[in-house]
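Only one structure is covered here, and it is reproduced in the block below.
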Amino acid sequence: MSYDNNNIFAKILRREIPCIKLYEDEHTLAFMDIMPQTDGHALVIPKASAVTLFDLPDEAAAACMRTVRKIGNAQKQGLGADGVVLMQLNGPGAGQTVPHFHIHVIPGSIGDLRRPHATVMADQNHLKALAARIVAALA
Ligand code: 5GP
């Protein structure tokens, strides 16, 4: 699938728009979802330009999973989450709304995902407070 350099996550990677950052390394960035489906809902993205899993080089996919593991563990520790749900949508046919590959890292249980997908903006201060607890647990 062809990659649109002006998608919102490409702009976040270029620091053209802000995000509430949780973690960054050479290959990945993790930040808070602004329309979370549970408290603590985070996103992990590769720095490589890819729309779906099927466009993503193996090394970038592995780097994303390493970061997902860090974030999920920090959500368990920092937020007291019993479980962590991973979600990853490929293409508009799956309901993907941002065309840069990402993995949703969602603390809680599948039954907690009652808030609709990518719909309701959360309060920024609330997101920042949750992010601080996740970041503290990463240390
Ligand atoms: P998708 O539908 O592509 O799997 O998920 C995209 C996710 O990105 C949604 O959960 C949505 O809430 C989130 N999102 C959309 N725009 C922004 C944004 O500008 N900043 C952040 N942090 N998250 C966003």
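Remarks
- Assigned charges on the beta-carbon of Lys, Arg, Asp, Glu; the chain dipole about Cα centre (debye): 300 debye
- Here the stretch 8-138 was treated as a single set of alpha-carbon atoms; its pair distances binned every 10 Å from 0 give 13, 47, 36, 4 percent.
- Taking Cα atoms only, the orientation of helix 58-79 departs from the longest principal axis of the chain by about 10 degrees.
- Packing-based ranking of 104-115, 34-45, 119-130, 83-94 yields 34-45, 104-115, 83-94, 119-130, ordered from highest to lowest mean Cβ neighbour count within 10 Å.
- Estimated [θ] at 222 nm from DSSP helical runs (n ≥ 4, -39500 (n - 2.57)) normalised by residues in the chain, nearest 500: -10000 deg cm²/dmol
- Overall form of the stretch 59-133 per C-alpha gyration tensor (a/c, 1.5; a/b vs b/c): oblate
- Distant-in-sequence amide H partners of Val85 (H built 1.01 Å from N, under 5 Å): Ile106, Gly108
- Phi to ³J(HN,Hα) by Karplus 6.51 cos²θ - 1.76 cosθ + 1.60 over the stretch 38-46, Hz, x for Gly, Pro: 9, 5, x, 3, 10, 10, 10, 10, x
- In the stretch 1-86, the GluC sites (Glu not before Pro) that fall in loop regions by DSSP, at most 15 other Cβ within 10 Å: Glu16, Glu26
Every number in this text was worked out from the coordinates using simple rules, so none of it is lab data. Worth saying up front: this structure is predicted, and the values here are computed from it rather than measured. Positions of Cβ are generated from backbone atoms using ideal geometry, with glycine treated the same way; all protein chains shown enter the neighbour counts.
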